[in-house]
Amino acid sequence: MGYFSTHHDARAVRLRRDDVAELLSRYPRVSDKEAEQILAFLRKGRHLDVGLLTTNDLLRPQLDAFMGDHKSHFAVKWTECAALIAGIITFLVFLWLAWEAFSS
């Protein structure tokens, strides 16, 4: 399942912004597979493409509805928070060790 899921997400991310815009224009009349493609694009697509898509005023009502219906997919997960905190702590420990090494 892991390989399939990753492979499936990669294919969905490769969708062009225009393809996702077309899917969103039909929302909520999209299949589950198409909704997964939209989700994958919004979560893992190029930031520029996602940004341009979200500024399209013609799609705003459908995008807002989609985001509301799938808000649990856009929430920050606790593992992401834990990784961020661990990274910050590691960086601070490194700075402290460097300070100790060069201040003596």
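Selection of segment 21-55 for residues being β-branched (Val, Ile, Thr), assigned to a helix (DSSP H, G or I) and buried (at least 17 other Cβ atoms within 10 Å of the Cβ) yields only ILE38. The combined condition, being of a type outside the set (Val, Ile, Thr), assigned by TED's automatic domain parsing to the domain that holds ASP19 and not in a helix (DSSP H, G or I), is fulfilled by LEU58.
Check VAL93, VAL76 and return the single one that is outside any helix (DSSP H, G or I) and free of Cβ contacts under 8 Å to residues at least 40 places away in the same chain. Break it down into steps so the answer makes sense when it comes.
Numbers: VAL93 fails: outside any helix (DSSP H, G or I).
Going through VAL93, VAL76 in turn, just one is outside any helix (DSSP H, G or I) and free of Cβ contacts under 8 Å to residues at least 40 places away in the same chain: VAL76.
If you go through segment 37-65 and keep only what is hydrophobic (A, V, I, L, M, F, W, C) and either within 14 Å of the chain's Cα centre (by Cα) or more than 14 Å from TYR27 (Cβ to Cβ) (or both), you end up with ILE38, LEU39, ALA40, PHE41, LEU42, LEU48, VAL50, LEU52, LEU53.
The values are calculated or read from the model by the stated rules, or taken from the named source; none is laboratory data. Every value quoted in this text rests on a predicted model; they were computed, and no experiment measured them. Note that we place each Cβ from the backbone using ideal geometry, even for glycine, and neighbour counts take in every protein chain shown.
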